[in-house]
Amino acid sequence: MKLRLSVQALVASSRVFAVLSLLFGSVTGDCECGYSMTTSSDNVQHVFTDLHETDFIHIDITGDGKGDASHGWAPQGYNISSQVSRGPFGESFAVRNVMSNTIKNPKIFDGPGTLGLDAGLLLLVRNVMQDDRVPVSEVSTTGLDYFYGTFRAGIKTTDVPGTCSAFFWYQNDTQEIDIEFLSAQFDKEKGLFPVNFVLQSKEAAAAGYDAANTTGLRRVNLPFDPSTDFHEYRFDFLPGKVFFYADGNLLAEATGSGVPTTAGHLLLSHWSNGNPGWSHGPPTVDAVTTVSYVKAYFNSSLAQRHQDFASRCKDPSASGAVCAIPDHNATFFFSAGDNLTPNQTEYGGAGNEGDEDNDNGASELVAKAWVFWLAFGIVIFASF
């Protein structure tokens, strides 16, 4: 009887471990040691330990749809005066000017020329002034720990003259990396579509924050109209240098003291203050710039993230330990795959991201535990 029970217990144990393997075997995945890219200018491989990917076509960061979480982004709401904005008009950043026009929950807002909008994150500049302020829009990452990394966004700009569409990294007014589109500079007849790559530095501050009068400005004419389709704009923020790209093609490089030396956060904005030297405007009709995604692969400045990396990355040379970042691939997200985002800070929802620390991750863990104990009970019962 004792032998029978021991054998049955052994069989039961093997079944339990089989169940455990099925339930929890996917915990260990690839990319434990980070995500890599190779710079085209010097053929150097860079590895980044953290990621934050957001598919704006499928998720609602405003929470207006089905109550989705912020996904690590926060629409901004504040007013600034014309003096602070450095233009004839102030600006009114309002949450209502940020809209999530998702495939699963499309929306249409009131106003001229607003039908047939693309899916994605809509950033509005409205043409109806509020006192002496232009209604504008901005979203910021909730995390402030984005250090060296490669940062990419799919953007379709407005073609309404008089606004500035921007994708940028920011720590303060003298440590800032900008990609800015001034719609007043677009000339469809002549095929001129400039993009402005800017380092806001102490030099820029000394020049009254007029980027045109600093060495931190690189203005490049794009070979396409950025208002007719989505294109990927990217900057690689590395020690002592910043590379700027469009659709994977290197367009400009900045080096020297203007390159930031600390961590910051990411922002997307669409604004106008009437400054004739930059944004021009305000626009005569509502203007919309749409963002389809942001992909950030970076080294966090947080001590806890350093500890997390050390605990999960045991052998950087192992197969799959470091995952190569696909170049200029709008539809690929590590966070949409299986086991490609170990120990990452993610935000859940829409098949885009699933945080092990948030409610979705906790619910999944509880569900697995419940199934395990149910299976354990069945196996033990069957052994008798």
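The values are calculated or read from the model by the stated rules, or taken from the named source; none is laboratory data. Note that this is a predicted model, so its numbers are computed, not measured. FYI the Cβ positions are ideal-geometry reconstructions off the backbone, even for glycines, and counts take in every protein chain you see.
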Does TRP271 meet the test of being among the aromatic types (Phe, Trp, Tyr) and either at pLDDT below 95 or surrounded by fewer than 21 Cβ atoms within 10 Å (Cβ to Cβ) (or both)? no
Listed residues SER300, SER279, SER335; which is within 30 Å of ASN79 (Cβ to Cβ) and either charged (D, E, K, R) or in contact with a strand residue (DSSP E or B) (Cβ under 9 Å, 6 or more places away or on another chain) (or both)? SER279
Could you list, in sequence order, all residues of region 36-50 that are closer than 19 Å to PHE244 by Cα and touching a residue at least 60 places away in the same chain (Cβ under 8 Å)? SER36, MET37, THR39, SER40, SER41, HIS46, VAL47, PHE48
Quick count over region 281-331, residues being aromatic (Phe, Trp, Tyr) and under 30 Å from PHE186 (Cβ atoms), is 1
Which of the following residues is touching a Pro at 6+ places or on another chain (Cβ under 9 Å) and either modelled with pLDDT of 95 or more or among the β-branched types (Val, Ile, Thr) (or both): THR284, THR290? THR284
Can you say whether VAL84 is of a type in the set (A, V, I, L, M) and modelled with pLDDT of 90 or more, as far as the supplied structure shows? yes
Candidate set: region 132-148, residues that are in a strand (DSSP E or B) and within 12 Å of the chain's Cα centre (by Cα); chosen: the one surrounded by the fewest Cβ atoms within 10 Å (Cβ to Cβ): SER140
Listed by first then second residue, the pairs whose first member lies in region 324-347 and is more than 20 Å from HIS58 (Cα to Cα), whose partner is crowded, with 17+ Cβ neighbours inside 10 Å and among the aromatic types (Phe, Trp, Tyr), with beta carbons under 7 Å and at least 6 positions apart or on separate chains, are ILE325/TYR35; ILE325/TYR297
Within region 264-274, does at least one residue satisfy the condition of being in contact with a Cys (Cβ under 7 Å, 6 or more places away or on another chain), part of a loop (DSSP other than H, G, I, E, B) and of a type outside the set (Asp, Glu)? yes
With respect to SER279, determine if the residue is surrounded by 22 or more Cβ atoms within 10 Å (Cβ to Cβ), touching a residue at least 60 places away in the same chain (Cβ under 8 Å) and in a loop (DSSP other than H, G, I, E, B). yes
Pick out the one residue from ALA211, ALA254 that is under 19 Å from SER85 (Cα atoms), at pLDDT below 95 and in contact with a strand residue (DSSP E or B) (Cβ under 6 Å, 6 or more places away or on another chain). ALA211
Does region 341-351 include one or more residues that are modelled with pLDDT under 95 and of a type in the set (Phe, Trp, Tyr)? yes
